[in-house]
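The values are calculated or read from the model by the stated rules, or taken from the named source; none is laboratory data. All values reported here derive from a predicted model rather than from experimental measurement. No Cβ is skipped: glycine too gets one built from the backbone with ideal geometry, and neighbour counts run over all protein chains shown.
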């Protein structure tokens, strides 16, 4: 009881980030930064071309409201509270205001920065639409100040929502707040400042009056604990895209749209590991990661192919990049079934294990390469740029058929030697 509440907050926050750092390392090694960098380049290319000539009939106000509403209204709160706190911290409830203020100081700056960045990125579209239509356009700095004030007000309002005693009241207040925030954001993009300020003030007063109708708790322990638990689960599920997270356990999905491939493996002793590896890849989180990565890669390659970025060579580079990232993911398959107990109970064909691994790895990467090539290179062929498309296919096939088996063999033999 001698430890201050702010010290407890800092200790729990430090413990969470310290436990998350290994997963962040796995995420960075998986190639996600390269994918994000590529998405940034693709988005910048399209956005730059769009803002050069914004159509006069483009619904800039509606689009701005759609973009701003989530970043302004969404107000998470990390409190690090745990179920046991109902027993151990509830006697100190009278002093929990300092604890919650520390949470606000942790969450609010990031939310303000995100809202400001979104507005600044969208502003060329708003001004471009106004210039194309020869219409009035709002002032950037006044609108930015209004957005930041609305963001701070939403954070305080979200706390009042959490204090509502009944879930139905919390949901009703949240829906009303998001609706009024959307209209207020549209008002600051469409009207003169004094009109927008008046509309925002009326909206705030309406929400405040509605919030007074609901029964409230002084400190919503159970609501905050549930929210913190859901937040941690979301983090771990995100990390689960890149590695196994013990807190989540080993997730297995049926995925009938992928697992049917294992039925093509002949049922004989020599194909035992081929069946195990193919079914493991299809039904575990590795298959989900590869599926999401492939879909994202196809989308990026299609965008680059349509734009014929760098004469089509940008598309070829993107295909190879996503293929290499997929290869990093499938490399973990070599350590699977290495310590399976049934290897020593049932006479599995150990000499076939490496051969089966290479077969399954090769087939998976060839399918991924084919999908990436179809998404990115077909637009290039339609535009008369066959050289880049052919180079992407040749480089990808060379990597999968020539380089990949040797590297995979060295890795498996090194792992077996360590044992």
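General remarks:
- Contact map, region 9-24: first residue in a helix (DSSP H, G or I), second residue modelled with pLDDT of 90 or more and surrounded by 12 or more Cβ atoms within 10 Å (Cβ to Cβ), Cβ cut-off under 7 Å, separation 6 or more or different chains; pairs are 9/80; 9/99; 9/102; 12/80; 13/80; 16/80.
- Taking the criterion of being in contact with a helix residue (DSSP H, G or I) (Cβ under 6 Å, 6 or more places away or on another chain) and without any contact (Cβ under 8 Å) to a residue 60 or more places away in the chain, the only residue of region 42-74 that qualifies is 67.
- Scanning region 153-191 for residues being crowded, with 17+ Cβ neighbours inside 10 Å and part of a helix (DSSP H, G or I) gives a total of 25.
- When the residues of region 92-120 are filtered to those that are in contact (Cβ under 8 Å) with a residue 60 or more places away in the chain and more than 19 Å from residue 232 (Cβ to Cβ), the one that is surrounded by the most Cβ atoms within 10 Å (Cβ to Cβ) is 96.
- For residue 58, the conditions (1) surrounded by 14 or more Cβ atoms within 10 Å (Cβ to Cβ); (2) modelled with pLDDT of 90 or more; (3) more than 23 Å from residue 238 (Cα to Cα) are fulfilled apart from (2).
- Looking across region 288-301, the residues that are surrounded by fewer than 19 Cβ atoms within 10 Å (Cβ to Cβ) and touching a residue at least 12 places away in the same chain (Cβ under 8 Å) come down to 288, 291, 292, 296, 299.
- Residues located in region 123-143, provided they are buried (at least 17 other Cβ atoms within 10 Å of the Cβ) and assigned to a helix (DSSP H, G or I): 123, 125, 126, 128, 129, 130, 143
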